[in-house]
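Trainee: One structure coming up, written as structure tokens, with questions to follow.
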Amino acid sequence: MTKLRIVVSGGGTGGHIYPAMALIKRLKERDMIEDVLYVGTENGLESKIVTKAGIDFKTIKISGFKRKLTFENIKVLNMFFSSIGKSKKIIKEFKPDIVVGTGGYVSSAVVYAAHTLHIPTVIHEQNTIAGVTNKFLGHFVDRIAIAFKDAQDQFSEKSKIVYTGNPRAQEAAAIKANDRLKDFDLSPEKNTVMIFGGSRGAEPINKAVIDSLESFSKADFQMLFVTGRVHYDGVVKRIDEKYMSAPNISIEPYIDNMPEILPDLKLIVGRSGATSIAEITALGIPAIFIPSPYVTHDHQTKNARAIAANGAANILPESELTGEKLFNNVSEIMNSVDIQNKMSAASKEIGVPDASDKLISVLTGLVRK
């Protein structure tokens with residue numbers, strides 16, 4: 001069996017980091033790693049996540065270009081060339097068989113440096129709309145792995161594109177139903193919807209839930225409402241105590257290791273980030289997406305449309321979001337087993353429960369050459 005010396009780089013957001021971590025985890029499960037090195041930035045989210053996982057971690061200094069022409073961009077350009085030099089040094093010392101980039105500015109220097117050293121390279125694009133870094137790297141890498149088939153239009157190098165799905169999907173697919181709902185004073189036997197606005201929460205979603213609590217308190221199903229830590233205290237102040245103690249409602253600031261709870265849910269309502277979609281579709285969970293309108297190129301809306309196209313999810317734009325519309329959309333699905341089954345089947349058709357293994361096949365294929 002091929003054992004790899006692998007350098008992985010991705011940073012800035014969890015959407016870039018968690019797929020990289022899922023890939024590393026799967027390689028370890030299959031005993032396919034001789035050694036692994038993660039290259040990120042000192043102040044990026046990756047520095048906390050990767051070091052906490054006990055993976056060797058090295059840093060380079062790099063930042064993104066400003067959208068307007070400014071003197072700052074000259075500094076950024078100089079930093080980019082300097083970071084390529086630092087990346088080359090790291091790569092030469094580590095001697096990897098292959099280098100993988102999962103997005104974010106840091107991966108641009110690392111993957112490009114590997115290309116100049118004639119080391120096999122792969123990038124992974126999680127969204128339907130490719131990021132600036134991956135669009136740049138697409139010209140130089142050996143393979144472009146995509147999580148959405150729609151993303152192939154983002155790259156001119158069609159022969160390099162491989163549809164693998166998102167490694168987070170395989171991680172989620174392995175999770176079995178459990179009694180985690182008991183942790184939130186909810187019954188594991190009762191149909192449950194979870195509503196959340198991402199790791200930090202989202203005020204428009206929180207407001208809609210608050211406005212619909214009376215309706216949810218009378219529903220035949222349970223609701224797990226995750227506000228986000230920064231919003232929790234403010235949300236609680238705006239809620240009548242009777243809803244805080246309602247037997248079918250649980251209001252939480254955050255859920256550690258949220259994927260563990262997914263198999264126990266009948267419906268998920270929230271943002272349409274790439275990681276969430278990978279996990280949801282791997283398990284075949286119906287969804288109502290409220291795409292964030294604040295992300296680059298509105299990629300969450302395009303992600304959501306790709307999933308909604310075959311009936312796996314509904315889309316409720318934030319601009320149209322009200323408490324009444326939220327409850328009506330949720331209750332329509334939660335009160336119909338037929339709708340749930342159809343959406344679940346459609347979701348599983350899109351899901352890629354062996355995404356990590358597909359990506360690993362791409363890596364080993366390049367190394368053998």
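The values are calculated or read from the model by the stated rules, or taken from the named source; none is laboratory data. Quantities reported herein were computed from a predicted structural model and do not represent experimental measurements. Positions of Cβ are generated from backbone atoms using ideal geometry, with glycine treated the same way; all protein chains shown enter the neighbour counts. What goes into the accessible areas is simple: the full protein's heavy atoms, side chains included, and nothing from ligands, DNA or RNA. Shrake-Rupley method; radii C 1.70, N 1.55, O 1.52, S 1.80 Å.
Trainee: Here are the criteria: (1) in a helix (DSSP H, G or I); (2) touching a residue at least 60 places away in the same chain (Cβ under 8 Å). Tell me which single one Gly234 does not satisfy.
Mentor: Against the list (1) in a helix (DSSP H, G or I); (2) touching a residue at least 60 places away in the same chain (Cβ under 8 Å), Gly234 comes up short only on (2).
Trainee: Sticking with this structure for a sec: Counting only residues that are assigned to a helix (DSSP H, G or I), out of contact with any Leu (no Cβ under 8 Å at 6 or more places or on another chain) and within 18 Å of Lys325 (Cβ to Cβ), how many does segment 171-206 have?
Mentor: Taking segment 171-206 and keeping what is assigned to a helix (DSSP H, G or I), we get 171-173, 180-184, 203-206.
From what is left, the residues that are out of contact with any Leu (no Cβ under 8 Å at 6 or more places or on another chain) are 171, 180, 182-183, 203, 206.
Narrowing the set further to residues that are within 18 Å of Lys325 (Cβ to Cβ) leaves 203, 206.
Within segment 171-206, residues that are assigned to a helix (DSSP H, G or I), out of contact with any Leu (no Cβ under 8 Å at 6 or more places or on another chain) and within 18 Å of Lys325 (Cβ to Cβ) number 2.
Trainee: Any idea which residue in segment 149-182 is farthest from Val330 (Cα to Cα), counting only those that are among the acidic types (Asp, Glu) and out of contact with any strand residue (DSSP E or B) (no Cβ under 9 Å at 6 or more places or on another chain)?
Mentor: By that ranking, first place goes to Asp153.
Trainee: Identify all residues within segment 134-170 that are over 14 Å from Ala355 (Cα atoms) and either in contact (Cβ under 8 Å) with a residue 40 or more places away in the chain or under 17 Å from the mean Cα position of the chain (by Cα) (or both); write none if there are none.
Mentor: Asn134, Val141, Asp142, Arg143, Asp150, Ala151
Trainee: Quick check on this structure: which one of Ser215, Ser250 is more than 29 Å from the chain's Cα centre (by Cα), surrounded by 15 or more Cβ atoms within 10 Å (Cβ to Cβ) and among the hydroxyl-bearing types (Ser, Thr, Tyr)?
Mentor: Of the residues listed, the single one that is more than 29 Å from the chain's Cα centre (by Cα), surrounded by 15 or more Cβ atoms within 10 Å (Cβ to Cβ) and among the hydroxyl-bearing types (Ser, Thr, Tyr) is Ser215.
Trainee: List every residue pair whose Cβ atoms sit under 7 Å apart, with the two residues 6 or more apart in sequence or on different chains, where the first one lies in segment 293-318 and is within 14 Å of Ala202 (Cβ to Cβ) and the second, anywhere, is of a type in the set (S, T, N, Q) and open to solvent by less than 20 Å² (accessible area, probe 1.4 Å).
Mentor: Filtered contacts from segment 293-318: Gln300/Ser272; Gln300/Ser292.
Trainee: How many residues does segment 187-196 contain that are touching a strand residue (DSSP E or B) at 6+ places or on another chain (Cβ under 9 Å) and open to solvent by 10 Å² or more (accessible area, probe 1.4 Å)?
Mentor: So the count comes out to 4.
Trainee: Which pairs have Cβ atoms under 8 Å, sit 6 or more apart or on different chains, and link a residue in segment 85-97 that is over 12 Å from Arg5 (Cα atoms) and in contact (Cβ under 8 Å) with a residue 40 or more places away in the chain to one that is among the hydrophobic types (A, V, I, L, M, F, W, C) and in a helix (DSSP H, G or I)?
Mentor: Going by the 8 Å Cβ cut-off, the qualifying pairs are Ser87/Ala109; Ser87/Val110; Ser87/Ala113; Ser87/Ala114; Ile90/Val110.
Trainee: A further question follows. Find the residue count for segment 145-163, including only residues that are farther than 19 Å from Ala309 by Cα and crowded, with 24+ Cβ neighbours inside 10 Å.
Mentor: 1
Trainee: A further question on this structure: Please indicate, with yes or no, whether at least one residue in segment 173-182 is closer than 20 Å to Ser347 by Cβ, among the charged types (D, E, K, R) and over 19 Å from the mean Cα position of the chain (by Cα).
Mentor: Yes - at least one qualifying residue is present in segment 173-182.
Trainee: What are the residue pairs meeting all of these: first residue in segment 263-277, first residue touching a residue at least 24 places away in the same chain (Cβ under 8 Å) and closer than 13 Å to Ile195 by Cα, second residue open to solvent by 10 Å² or more (accessible area, probe 1.4 Å) and in a strand (DSSP E or B), Cβ atoms under 6 Å, and 6 or more apart or on different chains?
Mentor: As it stands, the answer is Gly270/Phe196, since those pairs meet every condition given.
Trainee: List pairs: first in segment 103-116 and under 15 Å from Lys92 (Cβ atoms), second among the aromatic types (Phe, Trp, Tyr) and in a helix (DSSP H, G or I), Cβ under 7 Å, 6+ apart or cross-chain?
Mentor: Sorted first by the residue in segment 103-116, then by its partner, the pairs are Ala109/Phe80.
Trainee: Further, regarding this structure: If Val209 meets every condition in (1) of a type in the set (Val, Ile, Thr); (2) touching a residue at least 40 places away in the same chain (Cβ under 8 Å); (3) closer than 25 Å to Ile17 by Cβ; (4) part of a helix (DSSP H, G or I) apart from one, which number is that one?
Mentor: The one condition Val209 does not meet is (3).
Trainee: Anything in segment 23-53 that is within 19 Å of Lys95 (Cα to Cα) and of a type in the set (A, V, I, L, M)? List them, or say none.
Mentor: Listed by number, the residues that qualify are Ile24, Leu27, Met32, Ile33, Val36, Leu37, Val39.
Trainee: Still on this structure: Only residues that are in a helix (DSSP H, G or I) and either open to solvent by 20 Å² or more (accessible area, probe 1.4 Å) or in contact with a helix residue (DSSP H, G or I) (Cβ under 6 Å, 6 or more places away or on another chain) (or both): list them for segment 341-358, please.
Mentor: Correct list: Asn341, Lys342, Ser344, Ala345, Ser347, Lys348, Glu349, Ile350, Ala355, Ser356, Asp357, Lys358.
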